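Written out below as structure tokens is the structure these notes cover.
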Amino acid sequence: MVKVLGWLAALGVAAGLIVGFGVAPREVTQGNVQRIMYLHVPAVWVAYLSFIVGFVASVAYLARRREGADRLAHAACEVGTVFLGVNIATGAIWGKPTWGTWWTWDARLTSVAVVFVMFLAYLLLRQAVEDRERGARYAAVLGIVAALNIPLVHFSVYWWRTLHQPPSLIKPGSSAMSPVILVALLVNFAALALLGAYFVARRTRVLAAEAEALA
Amino acid sequence: MPDNWGFVLAAYGLAAFVFLGYWRWLIRKEHDLRALRSDRAMRSHSPSRTAHPRPEPGSRAPLP
């Protein structure tokens, strides 16, 4: 199952690159640098999805104390942090030629950086607490609190005046995006979602093996 | 606006580096755990080399 997911992710990433570079047109105002969007935006969506999975699994762990739920929360939050790191880094690379700066302390960038640091703290907490049960409990609480910040990140562009543009897709009303660009974005999202699911499945398996080895 | 292909390459290259690095880290961790498990299995099945070998019941002499 995990292997099949891995092959699907590899095929998806190949399809995403073909669509993003071969099918989607050159953007009129930004030029080809806009193609970073096919990586930057899906990466944050996959990070959001992973953190939502982590949130649900953390709540389930606190309610039932099942180790499987804790392992899923750990894996999902770790993978979400990897994707969020990619999102922040590619955003900085895209920001330099288009905004003239790698980084600015506007509401969107600052709020996403806060969430990233919170999830880094989540991963450090997992390593820091020796008692596994206690560490899992603390991490579940931190994972829930950190995931609750995601709406703040998403709506920050509406609530404050920011350099970052408002969402083009996840918003009320229809999108003004060209259909070809929209399809390229969605294909890349599907590809990265498959990659994220593959990483979560594999990481969960590793965590289960680790627990077995420690028992 | 110029195309800035260097920035596009940097973004995709960095993402590839991170994703491949994470994938390789997972594979290495799985490999280490598998090696540890097989090592443990071998130790539990092989006779102890540190303890004294126990003689067959028929050859044991009663304690004085």
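Every number here is computed from the coordinates shown, using simple stated rules; none is lab data. Bear in mind the structure is a predicted one, so any value in this text is a computation, not a measurement. Using ideal geometry, Cβ is built from the backbone for each residue, glycine included, and neighbour counts are taken over all protein chains shown.
Taking a Cβ cut-off of under 15 Å around A:ALA184, the surrounding Lys, Arg, Asp and Glu residues balance to a net charge of +1, with basic ones at +1 and acidic ones at -1. Just grab the label-to-label distance for A:TRP7 and A:ALA211, each label 7 Å out from Cα along the Cβ direction, in nm (one decimal). For the pair A:TRP7/A:ALA211, the computed spacing is 2.9 nm. Around B:TRP5, under 12 Å between beta carbons, what's the net of Lys plus Arg minus Asp minus Glu among the other residues? After counting each charged neighbour, the total is +1. With a 10 Å cut-off around each Cβ of B:28-40, the average count of Cβ atoms from other chains is 3. Ordering A:ILE144, B:ILE27, A:ILE36 by the number of other Cβ atoms within 10 Å of each residue's own Cβ, fewest first, gives B:ILE27, A:ILE144, A:ILE36.
Which length gain, in nm to one decimal place, applies between A:ASP106 and A:ARG65 when the Cα-Cα distance is subtracted from 0.36 nm times their residue separation? List each step's numbers first, then the result.
Numbers: separation 41, 0.36 × 41 = 14.76 nm, distance 3.94 nm.
Contour length minus the Cα-Cα distance gives 10.8 nm.
Think of the protein assembly as shown as a dipole: +1 on every Lys or Arg Cβ, -1 on every Asp or Glu Cβ, centred on the Cα centre; then among A:LEU125, A:LEU39, A:LEU169, A:LEU125 lies furthest on the positive end.
Could you tally the net charge around A:LEU125, taking each other residue with its Cβ under 14 Å from the Cβ of A:LEU125, Lys/Arg +1 and Asp/Glu -1?
Numbers: positive: A:ARG126, A:ARG132, A:ARG134, A:ARG137; negative: A:ASP70, A:GLU78, A:GLU130, A:ASP131, A:GLU133.
Combined, the nearby Lys, Arg, Asp and Glu give -1.
Classify the range A:1-128 from the C-alpha gyration tensor, please: rounded if a/c falls under 1.5, else prolate or oblate depending on whether a/b exceeds b/c. Cα axes put the range A:1-128 in the oblate bin. Take each residue in B:15-21, count the other chain C-beta atoms within 10 Å of its C-beta, and the mean is 5.
One quarter of the convex hull surface built on the alpha carbon atoms of the range A:1-60 amounts to 5.4 nm², the projected area averaged over directions. Taking Cα centre as origin and charging only the Cβ of basic (Lys, Arg, +1) and acidic (Asp, Glu, -1) residues, the dipole magnitude of the protein assembly as shown rounds to 680 debye. Helical runs assigned H by DSSP (4 residues or longer) give chain A a calculated mean residue ellipticity at 222 nm of -26500 deg cm²/dmol, each run adding -39500 (n - 2.57) before division by the residue total.
Listed by chain and number, the lysines whose alpha-carbon sits under 20 Å from that of A:LYS3, ignoring those within fewer than 8 places in the same chain, are B:LYS29.
Mind sorting A:SER50, A:SER174 by how few other Cβ atoms lie within 10 Å of their own Cβ, fewest first? Write down the numbers at each step before the final one.
Numbers: A:SER50 27, A:SER174 6.
Fewest-to-most Cβ neighbours within 10 Å comes out as A:SER174, A:SER50.
What number, in percent, do you get for the relative contact order of the range A:1-141 if the mean sequence gap of Cα pairs under 8 Å and at least 6 apart is divided by its residue count? Relative contact order comes out at 22 percent.
Ranked by how many other Cβ atoms sit within 10 Å of their own Cβ, fewest first, the residues A:HIS154, B:HIS31, A:HIS74, B:HIS45 fall in the order B:HIS45, B:HIS31, A:HIS154, A:HIS74.
When Cβ neighbours within 10 Å are restricted to other protein chains, what is their mean count per residue of peptide A:74-82? The partial results should precede the final answer.
Working: counts 0, 1, 0, 0, 1, 1, 0, 0, 4.
Other-chain Cβ atoms within 10 Å of each residue's Cβ, averaged: 1.
Please work out whether the range B:1-43 counts as rounded, prolate or oblate from its C-alpha gyration tensor, where a ≥ b ≥ c are the square roots of the eigenvalues and a/c under 1.5 means rounded, while otherwise a/b larger than b/c means prolate and anything else oblate? Here the range B:1-43 falls in the prolate category.
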